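Worksheet for the structure shown next.
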Amino acid sequence: MSSPYPSLFRSEEMSLVQLYIPSEVSHDTISELAEMGNFQFKDLNPTVTSFQRPFTSRLRRLGEMSRRIRLFHNQITAVVPPLGIPPLSAVPPFTTVGPRAQNAFDELDDKLKEHERRLNEMNKSWEELGKRKGELEEKKWVLRETAGFFNEAEHRHTEIRTSFDEGDDRTALLEHAAEFGTLPGEGISGGFDLEFVSGTIERHRMPTFERILWRVLRGNLYMNYSEIEEPFVDPISGKETYKDVFIIFAHGPELLTKIRKVAESMGGTLYNIDSSQDKRADSLRETSARLEDVDQILFNMSQTRRVELSKIAEGIEAWKDAVRREEEIYKTLNLLSYDQGRKTLVAEGWCPTRDITAIQLGLRRAVDTAGTSVPAILSELRTHQTPPTFHRTDKFTEGFQTIIDSYGMATYQEVNPGIFAVITFPFLFAVMFGDIGHGILAFLAASVMILYEKKLLKSGLDEITSTFFFGRYIIVLMGAFSIFTGFMYNDIFSKSLSIWQSGWEFPHEAGAVVAKATGNVYPFGLDPGWHGAENGLIFTNSYKMKMSIILGVIHMSFAIFLQVPNHIHFKKPLNIYAEFIPQILFMWSIFGYLVVCIIYKWSIDWSQSSSAPPGLLNMLIYMFLSPGTIEPGTQLYAGQGFVQVVLLMIAMVCVPWMLCLKPYMLWREHQKIVGQGYGQIGSGEDAQDGEGRQPEEEDEVGNSVAPNEGGEEHGFEMGDVIIHQVIHTIEFCLGCISNTASYLRLWALSLAHAQLSEVLYDMTISGAFTTKAGLIGQSIYIFAMFAMWFFLTIAILCVMEGLSAFLHALRLHWVEANGKHYMAGGYAFTPLSFAIPEDDETA
Amino acid sequence: MSSFMTVVWIAMICAIAATAGWMFTPRGKNQALIRSSIALTITCCYLMWAITFLAQLHPLIQPHKTGLRWEN
């Protein structure tokens with residue numbers, strides 16, 4: 001039964017295996033198993049919450065480590081100019097196994113902590129200095145900008161004074177100032193006694209600020225502001241803010257306090273500056289000097305920080321990988337149960353039976369790396385639990401298997417439709433997509449992806465491209481088959497090829513002509529004589545429709561036949577003669593007969609025959625409506641009435657056969673068990689699997705047997721069986737009809753594809769060839785039209801139509817074919833492996 | 001019926017080819033995949049060809065065309 005090589009036909013045979021791992025090698029053993037990636041651990045303490053598990057504190061520490069590494073990673077990538085992080089392959093590996101591994105991890109933990117502390121310190125002072133720098137810069141701006149205001153105000157001051165002297169045109173502010181008598185005396189030249197508040201505020205707050213001040217001070221202010229062109233960059237978040245410098249002249253300490261309060265509440269920063277110009281100049285000089293110092297320090301600090309980060313960057317990939325592995329290992333160790341007395345850990349899990357030897361070798365390797373002498377002991381358990389489903393796929397079959405797995409994971413050891421989908425899927429796609437040109441385009445695109453797959457894998461792809469990349473082997477086959485079906489339809493970018501001698505001869509006459517048959521049959525594909533013919537569609541429609549039916553019936557019959565290896569493998573002969581035989585008979589007596597009639601009708605030369613060719617659709621309909629009688633003139637062959645009656649009777653018999661035989665046989669079997677007195681011993685099987693198991697696990701096994709076996713042995717429910725069988729029968733019989741009709745989508749889609757491609761050609765290039773626009777004009781026109789045609793061919797005919805044909809091929813496989821035999825009641829094999837999360841990260 | 005026999009002959013050639021493919025597939029981990037792929041490819045392509053061939057064997061209608069331009 002077990003062939004020496006794994007195949008896709010059935011899922012791998014799996015074994016439930018128990019490992020006794022001495023605690024000193026447990027870490028390295030798990031690591032070795034994860035390295036091989038073919039062992040799925042079972043949770044042996046499902047009742048224990050994750051907090052109570054033995055290695056939770058260790059995991060928390062590792063979580064902390066990986067948080068630190070992520071933090072470093074973010075800071076390294078944020079630094080400008082960017083620092084390169086050497087890839088995992090370029091850095092010396094971090095030892096995660098062996099006797100020194102624990103110490104190495106502790107050291108790494110300390111190292112990470114130290115790095116984090118240093119970085120935090122640096123970041124903190126960086127932040128502080130950055131803030132300081134911002135403040136200084138703002139002050140510089142305030143000093144610079146207010147200088148302008150002061151000059152202006154001083155200028156106006158004199159102006160106003162003259163106007164004050166001259167007449168009563170006064171500005172409100174100075175009027176008040178004059179009233180209160182604080183206007184400076186004439187003799188003081190540089191002094192400017194009006195009190196003021198100055199500072200900065202964010203630009204978008206400026207209008208609100210102004211309005212509030214106006215209301216609060218009832219207009220008793222003179223305000224001036226100017227914009228600072230350069231944005232201020234926040235040292236932490238890197239956000240840019242634009243600010244304005246303002247200066248407000250007002251009078252009286254109360255008003256000034258109010259202004260200060262308003263400004264502070266609006267998020268503004270106030271800077272004290274002096275009203276005397278000299279002092280302001282001093283202050284500006286001082287600020288600039290300090291700014292320079294701060295800049296210098298900041299620069300030095302960024303250098304140190306950069307050095308520190310680059311030191312971290314050197315090892316970060318190795319650390320990340322090591323910590324990730326360590327986390328996986330401890331998560332797994334948490335699943336094991338600990339035998340206190342013997343100081344061993346007990347692991348249980350599934351592995352492919354074929355790999356047990358490899359696993360045993362791995363266990364021995366683990367002992368060598370750990371430097372101890374006691375290896376883990378592996379023992380196989382006998383069980384009635386359903387093993388997980390595991391198909392060994394490679395990069396070629398992966399895509400096809402995914403198509404099937406997305407419908408449902410195969411039941412353990414069931415016939416896997418994935419192995420057949422490798423060919424049938426691209427073929428059915430191609431029947432809908434048949435065009436040599438489009439096939440070549442798809443084939444070439446996929447070939448390029450396959451040729452450069454290593455390069456493409458390294459450079460990350462975006463989501464859409466990676467979907468196409470994942471399906472590259474599917475697309476390459478779809479393209480290849482499309483080229484073949486394109487030859488069959490004789491269709492290349494909506495044109496036809498005349499490779500062989502056509503079977504039609506057109507008379508050399510003007511106007512409407514009818515071709516004469518030469519008696520020659522075009523040997524490979526559709527005769528080019530039909531291309532461009534007015535009644536070409538009538539012919540191709542009839543041809544493609546019949547082809548869809550024939551291919552559909554064959555595909556469905558094939559799917560029904562796939563039941564047989566399943567029934568034999570699962571030792572259910574009853575299903576063969578109570579389900580498979582009536583199903584195939586039912587199918588063939590109606591649609592198989594239709595297919596035979598189609599082929600027979602094609603093989604008869606009706607021009608030599610005495611009767612006209614009958615319509616097959618009507619024939620099938622009247623086979624049901626008036627069995628046994630054939631309308632004169634619609635006879636296909638002699639004895640047709642009798643044959644049809646017999647076939648109809650077979651189909652009729654098949655329905656009760658499917659419906660009743662299986663429930664009856666099951667009921668009889670059950671009666672026999674009851675008769676022998678075993679009726680109430682529902683869980684009789686538990687006795688068999690006690691071997692090699694701990695007594696406390698008996699219960700668990702008994703529980704998991706029950707749902708797998710269904711209601712047949714345990715608690716036989718006749719009602720359920722009958723209802724199930726009725727549904728199954730109705731589904732099959734109605735499905736036969738609707739599914740056969742469903743294959744007509746092959747015709748519909750290929751018709752649509754051919755017509756669309758013809759319309760596209762006619763609307764673009766075809767017009768350009770006949771245009772009368774001179775040599776240059778026509779050249780340009782043709783060039784432009786060709787570009788448009790090519791672009792639309794790719795976008796609409798290849799990509800859009802391709803996706804639609806893909807979906808229809810998918811449906812035909814999922815519903816029409818898989819529905820006939822695929823039970824899909826399994827669960828996937830998910831082994832512990834170091835490789836998988838890495839893929840996720842890169843994707 | 002001689003043309004109908006072409007379909008039968010080709011069917012036999014295809015059957016022989018498929019059997020040969022089945023027999024001469026080297027043993028290895030992809031044996032089952034290669035075998036089934038060869039057999040299915042030959043079957044699919046043969047079916048498609050045979051249907052196309054048979055559909056044109058005894059045509060019931062002739063192509064009509066208008067506005068054909070002859071070179072001389």
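So which residues in segment B:42-55 are among the aromatic types (Phe, Trp, Tyr) and at the interface with another protein chain (Cβ under 7 Å from one of its Cβ atoms)? Full working, then the answer.
Narrowing segment B:42-55 to residues among the aromatic types (Phe, Trp, Tyr): B:46, B:49, B:53.
Matches in segment B:42-55: B:Trp49, B:Phe53.
Among the candidates A:Leu756, A:Leu760, which residue alone is assigned to a helix (DSSP H, G or I), open to solvent by 30 Å² or more (accessible area, probe 1.4 Å) and touching a residue at least 24 places away in the same chain (Cβ under 8 Å)? Show your work before the answer.
Working: A:Leu760 fails: open to solvent by 30 Å² or more (accessible area, probe 1.4 Å).
When all the criteria are applied, what remains is A:Leu756.
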Item to check | Test: B:Ile61 is at the interface with chain A (Cβ under 8 Å from one of its Cβ atoms), surrounded by fewer than 18 Cβ atoms within 10 Å (Cβ to Cβ) and touching a helix residue (DSSP H, G or I) at 6+ places or on another chain (Cβ under 9 Å) | outcome: yes
Next on the checklist: Just to confirm my filter: which helices (runs of 4 or more DSSP H) fall fully inside segment A:503-589 and include at least 1 residues that are away from chain B (no Cβ under 14 Å), more than 17 Å from B:Leu54 (Cβ to Cβ) and out of contact with any helix residue (DSSP H, G or I) (no Cβ under 9 Å at 6 or more places or on another chain)?
Outcome noted: A:563-569
Item to check | Number of positions in segment A:558-572 that are open to solvent by less than 20 Å² (accessible area, probe 1.4 Å) and over 34 Å from the mean Cα position of the chain (by Cα) | outcome: 0
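Tell me, which helices (runs of 4 or more DSSP H) lie completely within segment A:379-492 with 1 or more residues that are touching a Pro at 6+ places or on another chain (Cβ under 7 Å)? Please lay out each step first, then the result.
Details: elements: A:397-407, A:418-433, A:436-451, A:453-458, A:463-470, A:472-489.
Answer list for segment A:379-492: A:397-407, A:472-489.
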Checklist entry - Can you pull out the residues in segment A:738-753 that are touching a residue at least 40 places away in the same chain (Cβ under 8 Å), under 20 Å from A:Ile590 (Cα atoms) and surrounded by fewer than 18 Cβ atoms within 10 Å (Cβ to Cβ)? => result A:Leu744
Checklist outcome for this item: Across (1) within 14 Å of chain B (Cβ to nearest Cβ); (2) in a helix (DSSP H, G or I), A:Glu114 clears everything bar (1)
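Yes/no per residue for (1) surrounded by 14 or more Cβ atoms within 10 Å (Cβ to Cβ); (2) farther than 19 Å from A:Ile598 by Cα; (3) free of Cβ contacts under 8 Å to residues at least 60 places away in the same chain; (4) more than 7 Å from every other protein chain (Cβ to nearest Cβ):
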| site | (1), (2), (3), (4) |
| --- | --- |
| B:Ser3 | yes, no, yes, no |
| B:Thr6 | yes, no, yes, yes |
| B:Phe24 | no, yes, yes, yes |
| B:Ser36 | yes, yes, yes, no |
| B:Leu40 | yes, yes, yes, no |
| B:Leu57 | yes, no, yes, no |
Next on the checklist: Taking the criterion of being among the small types (Gly, Ala, Ser) and either modelled with pLDDT under 85 or within 42 Å of the chain's Cα centre (by Cα) (or both), would at least one residue in segment A:139-148 satisfy it?
Outcome noted: yes
Next on the checklist: Among the residues of segment A:590-599, are any open to solvent by less than 50 Å² (accessible area, probe 1.4 Å) and part of a loop (DSSP other than H, G, I, E, B)?
Outcome noted: no
Checklist entry - When A:Leu562 is evaluated against the numbered criteria (1) without any contact (Cβ under 8 Å) to a residue 40 or more places away in the chain; (2) in contact with a strand residue (DSSP E or B) (Cβ under 6 Å, 6 or more places away or on another chain); (3) within 30 Å of A:Glu816 (Cβ to Cβ), which criterion, by number, is the only one it fails? => result (1)
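Out of all the residues in segment A:263-287, which are of a type in the set (A, V, I, L, M) and over 18 Å from A:Leu221 (Cβ atoms)?
Within segment A:263-287, the subset of a type in the set (A, V, I, L, M) is A:263, A:266, A:270, A:273, A:281, A:284.
A:Ala281, A:Leu284 - these are the residues of segment A:263-287 that are of a type in the set (A, V, I, L, M) and over 18 Å from A:Leu221 (Cβ atoms).
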Next on the checklist: Please pick out the residue among A:Ala358, A:Ala366, A:Ala347, A:Ala322 that is over 25 Å from the mean Cα position of the chain (by Cα), open to solvent by 10 Å² or more (accessible area, probe 1.4 Å) and not hydroxyl-bearing (Ser, Thr, Tyr).
Outcome noted: A:Ala358
Checklist entry - Do you know which residues across segment A:414-436 are within 7 Å of chain B (Cβ to nearest Cβ) and more than 26 Å from A:Gly525 (Cβ to Cβ)? => result A:Ile419
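The values are calculated or read from the model by the stated rules, or taken from the named source; none is laboratory data. Because the structure is a prediction, the values reported are computed rather than measured. Positions of Cβ are generated from backbone atoms using ideal geometry, with glycine treated the same way; all protein chains shown enter the neighbour counts. Just the protein is used for accessible areas: all its heavy atoms, side chains included, with ligands, DNA and RNA removed. Shrake-Rupley method; radii C 1.70, N 1.55, O 1.52, S 1.80 Å.
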